[in-house]
Amino acid sequence: MHIMTLLSYYEGDNLYTSAEISQSININPSLVRVELATLKNAGLLESKEGKNGGVRLGKSARNITLGDIFMAVKGESHVLSFSKNMPDVSCKIGQQINDKLDTIFDKVDYSIVKELHNQTLEEFKNQF
């Protein structure tokens with residue numbers, strides 16, 4: 001959200017490097033580049049490589065929802081997660097728990113995304 005809000009705040013023809021973005025977030029530029037790649041793969045950013053390269057929004061902040069950003073960053077995993085331990089499949093609970101939880105986790109994810117789709121990046125940026 002920080003990257004996308006920053007880029008929308010300074011939306012235009014300017015390109016911003018991972019080093020410039022990392023200063024605002026106060027993290028290493030290499031970590032920013034990982035997130036930039038994720039956002040670019042989702043079609044939310046466009047980039048130019050080379051000496052005068054950088055990134056900018058791939059479309060207007062009015063056409064990007066917070067749900068779009070969330071889905072790009074979240075990937076295939078659930079917001080909530082399963083235990084790392086595998087349950088005992090000979091147990092009545094253990095053999096069904098992950099299926100039951102998966103149903104709940106899908107509903108939680110859907111609710112979050114639905115809510116985040118109600119606000120555009122433009123609307124969020126205008127709070128600053």
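The numbers here are math on the coordinates, done by the rules we state, and not lab data. Because the structure is predicted, anything quoted here is derived from the model rather than measured. All Cβ positions, even for glycine, are placed from backbone atoms using ideal geometry, and neighbour counts span all protein chains on display.
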>> Under 9 Å between Cβ atoms, which residue pairs at least 6 apart in sequence (or on different chains) link something in the stretch 106-128 that is on the phi > 0 side of the Ramachandran plot with a partner that is of a type in the set (Gly, Ala, Ser) and assigned to a loop (DSSP other than H, G, I, E, B)?
In response: none
> Condition test on Ile97, is it over 23 Å from the mean Cα position of the chain (by Cα), surrounded by 15 or more Cβ atoms within 10 Å (Cβ to Cβ) and over 30 Å from Asn14 (Cα atoms)?
Replying inline: yes
>> Please go through (1) touching a Leu at 6+ places or on another chain (Cβ under 7 Å); (2) under 28 Å from Ile21 (Cα atoms) for Phe82 and return the number of the only condition it doesn't satisfy.
In response: (2)
>> Just the residues that are closer than 11 Å to Val55 by Cα, buried (at least 16 other Cβ atoms within 10 Å of the Cβ) and of a type in the set (A, V, I, L, M), please, taken from the stretch 1-30.
In response: Ile3, Met4, Leu7, Ile21
> Picking from Arg33, Arg62, Arg56, which residue would you name as being surrounded by 11 or more Cβ atoms within 10 Å (Cβ to Cβ), of a type in the set (D, E, K, R) and free of Cβ contacts under 8 Å to residues at least 24 places away in the same chain?
Replying inline: Arg33
>> Can you say whether Ala42 is within 19 Å of the chain's Cα centre (by Cα) and free of Cβ contacts under 8 Å to residues at least 12 places away in the same chain, as far as the supplied structure shows?
In response: no
